[in-house]
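Student: Here's a structure for you.
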Amino acid sequence: MIINQKVSIIIPVYNVQDYLRCCLDSVFRQSYNNLEIIVINDGSTDGSRAICQEYLETNNMILINKENGGLS
């Protein structure tokens, strides 16, 4: 029997400032409470990093900022 197991949501981010707020808002509106939200900013050069920082201050998530490494 599975009871309220933790679900990890990994969101890769690279220059998606136009769509990022909609994505993050959607994830944080989920009714399932036991979520681990991991956002990986892959060296964005637009405003994506600032948006991630803004959400980090008001929501329970993990933010990883790294140099751009490409798809893999």
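Student: Can you pull out the chymotrypsin sites (Phe, Trp or Tyr not before Pro) in the chain whose DSSP state is coil and whose Cβ has at most 16 other Cβ atoms within 10 Å?
Tutor: Tyr14, Tyr32
Student: For the chain, what is the charge dipole size about the Cα centre, in debye to the nearest 20, if Lys and Arg each add +1 at the Cβ and Asp and Glu each add -1 at the Cβ? Display every interim value, and only then the final one.
Tutor: Details: 5 positive and 8 negative charges, 45 e Å.
I would put it at about 220 debye.
Student: Take the solvent-accessible surface of the protein heavy atoms, probe 1.4 Å, and return the percent of it on the chain that carbon and sulfur atoms account for.
Tutor: Values: 2650 of 5170 Å².
Heavy-atom surface of the chain belonging to carbon and sulfur, 1.4 Å probe: 51 percent.
Student: Tell me which residues come under 5 Å, amide H to amide H, from Ile11 once H is placed; ignore anything under 5 positions away on its chain.
Tutor: Ile38, Val39, Ile40
Student: When you have a sec, figure out the Kirkwood radius of segment 1-61 from all distinct Cα pair distances and drop it here in Å to one decimal?
Tutor: Details: mean 1/r = 0.0812 Å⁻¹.
This gives a value of 12.3 Å.
Student: Quick one: which residues, 5 or more positions from Asp46 or on another chain, have an amide H under 5 Å from its amide H? H modelled 1.01 Å from N in the peptide plane, none for Pro or chain starts.
Tutor: Asn15
Student: How far apart, in nm, are two points set 7 Å out from the Cα along the Cα-to-Cβ line at Ser26 and at Lys6?
Tutor: 2.5 nm
Student: So, one more: Helix 17-28: angle to the longest alpha-carbon principal axis of the chain, degrees 0 to 90, nearest 10?
Tutor: 10 degrees
Student: Determine the per residue accessible area of the chain with all protein chains present and a 1.4 angstrom probe, expressed in square angstrom. Intermediate results must be reported in sequence, preceding the final value.
Tutor: Details: 5170 Å² over 72 residues.
With the other protein chains kept in place, the chain gives 72 Å² per residue.
Student: Treating the angle as unsigned and between 0 and 90°, give the value, to the nearest 10°, between the Cα long axis of helix 48-58 and the longest Cα principal axis of the chain.
Tutor: So the inclination is approximately 40 degrees.
Student: Sticking with this structure for a sec: Counting Lys and Arg as +1 and Asp and Glu as -1, what is the net charge of the other residues whose Cβ lies under 15 Å from the Cβ of Val27? Present the calculation step by step, with values, prior to reporting the outcome.
Tutor: On the way: positive: Lys6, Arg21, Arg29; negative: Asp25, Glu36, Glu54.
Its environment carries a net charge of 0.
The values are calculated or read from the model by the stated rules, or taken from the named source; none is laboratory data. The model shown is predicted, which means the values in this text are computed figures rather than measured ones. Using ideal geometry, Cβ is built from the backbone for each residue, glycine included, and neighbour counts are taken over all protein chains shown. Heavy atoms of the whole protein, side chains included, go into the accessibility calculation; ligands, DNA and RNA do not. Shrake-Rupley method; radii C 1.70, N 1.55, O 1.52, S 1.80 Å.
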